[in-house]
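A.B. asks: Here's a structure for you.
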Amino acid sequence: MGLMMRRAAAIARHKIIGCAGTRLPPPRWVRQLATESTTSSRNSSSENPQPRLGTSLQETSGQDSRTSPPPPRNDGDAGPSLAAKMAEAAATSFASIVILGAGFGIAAYVYHQSYKYFVLKKMANAFEPGDPVLDLAAMGKNFPVSKTAAAAATHWIARPEQHLVDEIIAGREVGHYHLFIGDKGAGKSSMLLEAMRKIDGDGVAMFEAHPDLEIFRIRLGKALDYEFHEDYIGAYFSERGPRDTTALLDIERALNKLEKVALRRRSKVGRPLVLIVNQMHLIRDDEDGKDLIELLQQRAEQWAASGLVTMVFNSDDYWIYEKLKQLAARLEVLTVVDLPKAQATAALKNYRQRHCGETLSQDVLEQIYDRVGGRLNFLNRVAKSSDMLATCDKILEVEKTWFLNQCWILGAEMDDDVMDQQKWAAAAVVLATALVDKESEMDSTYDPELGHVLPSFALHKAQQIMTRSDFVRALDRLNLFSITSDAQVRASSVPMHLAFKQIVSEPGFRQHLQATIDRIAAIESLGRTRELVAKDLTLGGTYEIRRAKGGVDVALREQRDEAGDGV
């Protein structure tokens, strides 16, 4: 600061001397000092404004004295090194990544937990009162939605099994899972719907089975309101989608979720959930179908023991019972048969009043029962018809045509290419003939109170009559014959048995059946026969055949002349 003041004073004196006399050029050191002063004043102009005109030199020098010049640059005080800058940038990036990752992780965890919570909540809501199955039944069959006894009495005929079904569906029958088995149209599904209607579907879910496991999976998910994580946003960040798996694994996942819902509901309500699988016979009798049945049965056994879920299987075919019987420990079987005569006529009378407002006489009711029996779907069709007796005859004709189209025999003129199909058809016709013949040996085939008593054979006896053990189950699937839960084989319905009687009573039927059986035996005999053609025999030559080790040795011997040469 002092050095600058002295230099400024010297410049001022030089100017005063120049004004007094001849102007002298400034010395070299003055010119150098002026240059440095100009540079310094330009650098400090941004911080200190320029003095106004008229300001004295002393005031200017006073302002310069209050403003300190920038310190001289020292090479030893340079900025941070390149390594330090790189480390700082890396630390900043790492901290940003950690913060973002933690934010995404926390958000994903919260979303995942909330998603699982809403999945269970949606599934629990599927067992709340009100069920789409009841709504569909109400629209399709004029089924009453009201739970009053008057509505039930008007639109429904109570079966003997209805009370037990009500106890099962209401969750009061605990410790078992159930199989409802019976002929098509006997009223199994109607009893289940009636029991669900009484409790408004509270705690019950019902769905239809399907041969395709993927469709079975979708129907199960619809009944449980479970989407198999198909709406889970985490699937967008995974390598495999939520459906890149088998249907059985998806069904297992759905049952796992159902178990959690059942545990929560059991602590609140105190009774088990009920899951109904309708039309179990639609599942294919192959490896995939058997795996599905085993999966469902394992869950049913476990839940029945713990009282969490009561599973109900509904089937028309006997093979489902055979499959479940192998691993069954808590299985209860309910056989649903045709209505007895008294209840069938009452149901017919009720249906007729409902649709036509007509009261039928007892004589007409008995005629109708004698022709169609106590099958509910037949009675419903007859009750809605304008000519009930003609409808009964039409039902009989339809059943007869169905049997003949599937199992008619071709007689002695049949081609050998259809022998396999004719074996199956002849076995069915032989069993039908045996049932008709057994009816003549029975003491009674009609009870005044119970109605029709159809002849039947034990399953093993029926297989012996057919001489095949693998045909009778296929006939059961076609609803030509019926295998009951106690392994009795009979006609699938009263109209089908009447069709058997008409077919057997036709002239020449038994001869036609015997000719078909003989033709099948002849074709099989031809298949077991091997022809040996002898060629290249000379005059008087012979074949010499003898047993040899490991087979037969055949040699050709020719007749020799007197000279010893062969002829």
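Residue by residue, here is whether (1) assigned to a helix (DSSP H, G or I); (2) in contact with a Leu (Cβ under 9 Å, 6 or more places away or on another chain); (3) surrounded by 19 or more Cβ atoms within 10 Å (Cβ to Cβ) holds:
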| site | (1), (2), (3) |
| --- | --- |
| ILE395 | yes, no, yes |
| GLU399 | yes, yes, yes |
| ALA412 | no, no, no |
| ASP470 | no, no, no |
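A.B. asks: Based on what the data block shows, is PHE127 open to solvent by 70 Å² or more (accessible area, probe 1.4 Å), closer than 25 Å to LYS222 by Cβ, under 22 Å from the mean Cα position of the chain (by Cα) and at pLDDT 80 or above?
C.D. replies: Here the answer is no, as PHE127 does not meet what is asked.
A.B. asks: Still on this structure, I have one more. From the set of residues in the stretch 301-341 that are part of a loop (DSSP other than H, G, I, E, B) and of a type in the set (A, V, I, L, M), which is surrounded by the most Cβ atoms within 10 Å (Cβ to Cβ)?
C.D. replies: LEU339
A.B. asks: Sticking with this structure for a sec: Taking the stated definitions as given, is LEU404 open to solvent by 10 Å² or more (accessible area, probe 1.4 Å), of a type in the set (A, V, I, L, M) and under 30 Å from ASP518 (Cβ atoms)?
C.D. replies: When the stated conditions are applied, LEU404 passes them.
A.B. asks: Let me ask something else about it. Taking ARG381 and the conditions (1) over 17 Å from LYS501 (Cα atoms); (2) open to solvent by less than 60 Å² (accessible area, probe 1.4 Å); (3) charged (D, E, K, R), which numbered condition does it fall short on, given that it satisfies the others?
C.D. replies: The one condition ARG381 does not meet is (2).
A.B. asks: Only one of GLU227, GLU214, GLU167 is among the acidic types (Asp, Glu) and either closer than 23 Å to TYR115 by Cα or modelled with pLDDT under 90 (or both); which?
C.D. replies: GLU227
A.B. asks: Within the stretch 415-468, count every residue that is open to solvent by less than 40 Å² (accessible area, probe 1.4 Å) and charged (D, E, K, R).
C.D. replies: The total comes to 1.
A.B. asks: Name every residue in the stretch 169-187 that is among the aliphatic types (A, V, I, L, M) and buried (at least 20 other Cβ atoms within 10 Å of the Cβ), in order of residue number.
C.D. replies: The answer is ILE169, LEU179, ILE181, ALA186.
A.B. asks: Under the condition of being charged (D, E, K, R), surrounded by fewer than 13 Cβ atoms within 10 Å (Cβ to Cβ) and touching a residue at least 24 places away in the same chain (Cβ under 8 Å), which residue from the stretch 482-529 is nearest to GLY451 (Cα to Cα)?
C.D. replies: ASP486
A.B. asks: Any residue in the stretch 356-368 that's closer than 22 Å to LEU498 by Cβ: show its pairings with residues that are open to solvent by less than 60 Å² (accessible area, probe 1.4 Å) and part of a loop (DSSP other than H, G, I, E, B) at Cβ separation under 7 Å, as long as the two are six or more apart or on different chains.
C.D. replies: none
A.B. asks: What do you reckon, is GLY203 surrounded by 14 or more Cβ atoms within 10 Å (Cβ to Cβ) and modelled with pLDDT of 90 or more?
C.D. replies: yes
A.B. asks: Just give me the residues in the stretch 361-376 being open to solvent by less than 40 Å² (accessible area, probe 1.4 Å) and outside any helix (DSSP H, G or I), in sequence order.
C.D. replies: Those that are open to solvent by less than 40 Å² (accessible area, probe 1.4 Å) and outside any helix (DSSP H, G or I): GLY373, GLY374, ARG375.
A.B. asks: Give the stretch 247-284 a look and list any residue that's in contact (Cβ under 8 Å) with a residue 40 or more places away in the chain and open to solvent by 60 Å² or more (accessible area, probe 1.4 Å), or say none.
C.D. replies: Hits for the stretch 247-284 are LYS260, LEU263, ARG264, ARG266, VAL269, ARG271, GLN279, LEU282, ARG284.
A.B. asks: When you go through ILE545, ILE483 one by one, which is the residue that is at pLDDT 75 or above, under 38 Å from the mean Cα position of the chain (by Cα) and farther than 19 Å from TRP408 by Cβ?
C.D. replies: ILE483
A.B. asks: Still on this structure, I have one more. Just for the stretch 342-355: of the residues that are open to solvent by 60 Å² or more (accessible area, probe 1.4 Å) and touching a residue at least 24 places away in the same chain (Cβ under 8 Å), which one is farthest from the chain's Cα centre (by Cα)?
C.D. replies: Residue satisfying both the conditions and the ranking: ALA342.
A.B. asks: If I ask for residues that are under 19 Å from LYS290 (Cβ atoms) and open to solvent by less than 50 Å² (accessible area, probe 1.4 Å), which ones from the stretch 213-229 would you list?
C.D. replies: Passing the criteria: LEU213, PHE216, ARG217, LEU220.
A.B. asks: Across the stretch 414-436, what is the number of residues that are part of a helix (DSSP H, G or I) and without any contact (Cβ under 8 Å) to a residue 12 or more places away in the chain?
C.D. replies: 4
The values are calculated or read from the model by the stated rules, or taken from the named source; none is laboratory data. Not measured: the values here are computed from a predicted model. For neighbour counting, all protein chains shown are included, and Cβ atoms are generated from backbone atoms with ideal geometry for every residue, glycine included. When the accessible area is computed, the model is the full protein with side chains, heavy atoms only, and any ligands, DNA or RNA have been set aside. Shrake-Rupley method; radii C 1.70, N 1.55, O 1.52, S 1.80 Å.
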